[in-house]
Amino acid sequence: MAQNKIDIFDTTLRDGEQVPGCKLNTKEKVEIALALEGMGVDIIEAGFPISSPGDFASVEAISKVIKNATVCGLTRSVEKDIECAAAALKHAVRPRIHTGIGSSDIHIKHKFNTTREEILRRAAHATKFARNLVGDVEFFAEDAGRADIEFLARLIETVISAGATVVNIPDTTGYCLPHQYGEKIAYLVNNVPNIDKAIISCHCHNDLGLATANSIAGIINGARQIECTINGMGERAGNTALEEVVMIIQKHHGMGFYTNVKTEQLNPLSRLVSDTMRMPVQPNKAVVGGNAFAHSSGIHQDGFLKEATTYEIMTPEEVGAESSKIVLTARSGRSALAHRFLKLGHEFTRNDIDVLYQQFLEVADRKKEVEDVDLNEMAQKHQVIA
């Protein structure tokens, strides 16, 4: 069973914080890090220590308070970066340095103006250097989604030989289709001789809306770590959403995977991140959106009221949401109207509801949503007339 455990690597405090306007101070970062640990996240990427004195201080502060989760600091494949990260992580119970370099020809040519052989040399050197400072080193092959697969395999073999304990295969630009990303992971599993010496990690971006699907394709094909953020926060269109992959793994238990995440904490943590980063969650966001458990169509409402599982594959309680909601609009039906009246203390016959429903539709056509105050007013008038 242990081989099917999926490690959840949260990068809300690093990649998620790169969203414009979402910068966090040290106190806010520590609060979120403690909440992530309490929820059962395995690895917390606390920041990019060399990027600023504030980021260094945040990684250091998080390292001092986190006792169970691994605390990770990001670096480039540069000795100074790696030394800085090691210094920031010196108080961590389980420190990890996350270093790496570009792996696609686009990055090698245009970003680094170098050759594949030089990339292999720099990757090996950075990995060895980091491994001399901490026992847990993750290597990211940036833009692996667009990298030549044979070169990517050579790069991964090289860094594992140099001491990498985790190899991160990022779809940095969110370019891959799920089957392509899955095939890339499968190729590495089958063609890198020392792949069994490291954990394969998925780090997918959402530029085409496929981050979650790609991450799931990755674990199906052999990856055992998913890098993600609360609410899918991150560069450009964001990262893989933690709450989505965790609930997919839980609901599709037939895949044989599991995580240590306490799912009833997903909604509270989503709200904490949203409030702290001042980034609202879209209402139709999967799992944690305000409408995730709201029903407004008459057909849906009728089915839900008869048996919740007709339209809900998970309960609000499973993810820490308050409750399912029946939202009354012009698309709602009689059963939903009768249900709401009953909740307000008004018990009507079927004939009463037929009469009230016509009045309800008139109000619903004028308003986007019919509120309890409107229903109480209708009920009182109907009772007077009756």
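The values are calculated or read from the model by the stated rules, or taken from the named source; none is laboratory data. Computed from a prediction, not measured in an experiment: that's the story for all the values here. Cβ coordinates were reconstructed from backbone atoms using ideal geometry, including for glycine residues, and neighbour counts include every protein chain displayed. To get the accessible areas, we keep the full protein, side chains included, count just its heavy atoms, and leave off ligands, DNA and RNA. Shrake-Rupley method; radii C 1.70, N 1.55, O 1.52, S 1.80 Å.
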(request) Run through every distinct alpha carbon pair of region 41-169 and return the Kirkwood hydrodynamic radius in angstroms, one decimal place. (result) 14.6
(request) Please report, to two decimal places, log10 I(q)/I(0) for region 265-386 at q = 0.12, 0.15 Å⁻¹ as given by the Debye formula with identical point scatterers on the Cα atoms and no solvent. (result) -0.52, -0.75
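Leaving ligands, DNA and RNA out of it, report the carbon-plus-sulfur percent of the accessible area of region 250-373 at a 1.4 Å probe. Provide the component values of the computation, followed by the final result.
Details: 3650 of 7220 Å².
It is 51 percent, rounded to a whole number.
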(message) Rounded to the nearest 5, what % of DSSP beta bridges with both residues in the chain are antiparallel?
(response) 5
(request) Please work out whether region 5-48 counts as rounded, prolate or oblate from its C-alpha gyration tensor, where a ≥ b ≥ c are the square roots of the eigenvalues and a/c under 1.5 means rounded, while otherwise a/b larger than b/c means prolate and anything else oblate? (result) oblate
(request) Could you list the square roots of 5 times each eigenvalue of the Cα gyration tensor of region 327-371, that is, the equivalent ellipsoid semi-axes, sorted largest first and rounded to whole Å? (result) 17, 11, 8
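Scanning the chain for GluC sites (Glu not before Pro) in DSSP loops with at most 10 other Cβ atoms within 10 Å, what's the longest stretch left with none?
Numbers: sites that count: Glu307, Glu322, Glu347.
No qualifying site falls inside 1-306, the longest such stretch.
From the Cα trace of region 191-268, what convex hull volume per residue do you get, rounded to a whole Å³? Write down the numbers at each step before the final one.
Values: hull volume 8.4 nm³, N = 78.
Per residue, the Cα convex hull of region 191-268 comes to 108 Å³.
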(request) Using only the C-alpha atoms of the chain, find the volume of their convex hull and express it per residue in Å³. (result) 149
(request) Treat every Asp and Glu Cβ in region 1-155 as -1 and every Lys and Arg Cβ as +1, leave all other atoms uncharged, and give the resulting dipole magnitude about the Cα centre to the nearest 20 debye. (result) 340
(message) Let's test this: bin the Cα-Cα distances of region 1-113 at 10 Å from zero up to the farthest pair and state each bin's percent.
(response) 15, 43, 30, 12, 1
(message) I'd like the orientation of helix 334-343 relative to the chain: the angle between its Cα long axis and the longest Cα principal axis, in ° from 0 to 90, rounded to 10.
(response) 90
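Dipole size in debye (nearest 20) for the chain around its Cα centre, Lys and Arg Cβ +1, Asp and Glu Cβ -1? Don't skip to the answer; put the middle values down first.
Numbers: 41 positive and 50 negative charges, 120 e Å.
Rounded to the nearest 20 debye, it is 580 debye.
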(request) Report ³J(HN,Hα) in whole Hz for each residue of region 86-94, in order, from the Karplus equation J = 6.51 cos²θ - 1.76 cosθ + 1.60 where θ = phi - 60°; Gly and Pro get x. (result) 4, 5, 5, 9, 4, 8, 5, 5, 10
(request) For region 6-15, just list the computed ³J(HN,Hα) in residue order, Karplus coefficients 6.51, -1.76 and 1.60, θ = phi - 60°, integers in Hz, with x standing in for Gly and Pro. (result) 9, 6, 9, 9, 9, 10, 4, 7, 10, 5
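Filter Lys67/Lys90; Lys29/Lys67; Lys27/Lys64; Lys251/Lys343; Lys23/Lys80 down to the pairs with a C-alpha to C-alpha distance above 19 Å, please. If you can, show how the numbers build up before the last one.
Numbers: Lys67/Lys90 13 Å; Lys29/Lys67 16 Å; Lys27/Lys64 13 Å; Lys251/Lys343 31 Å; Lys23/Lys80 24 Å.
The pairs that break the limit, which is 19 Å between Cα atoms, are Lys251/Lys343; Lys23/Lys80.
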(request) On a C-alpha basis, how far is the centre of region 339-386 from the centre of region 39-82 in Å? Whole number, if you could? (result) 56
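DSSP loop (so not H, G, I, E, B), at most 12 other Cβ within 10 Å: list which trypsin sites (Lys or Arg not before Pro) in region 265-356 pass both filters.
Details: sites: Arg271, Arg278, Lys285, Lys306, Lys325, Arg331, Arg334, Arg340, Lys343, Arg350; in loops: Arg278, Lys285, Arg331.
For trypsin sites (Lys or Arg not before Pro) across region 265-356 that sit outside H, G, I, E and B with at most 12 neighbouring Cβ atoms in 10 Å, the list reads Arg278.
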(request) For region 255-269, just list the computed ³J(HN,Hα) in residue order, Karplus coefficients 6.51, -1.76 and 1.60, θ = phi - 60°, integers in Hz, with x standing in for Gly and Pro. (result) 5, x, 9, 8, 10, 9, 6, 7, 5, 5, 9, 4, 5, x, 6
(request) Just round it to a whole percent: the fraction of Cα-Cα distances in region 97-193 exceeding 22 Å. (result) 23
(request) On a 0 to 90° scale, report how tilted helix 26-39 is relative to the longest principal axis of the chain, with both axes built from alpha carbons and the result rounded to the nearest 10. (result) 80
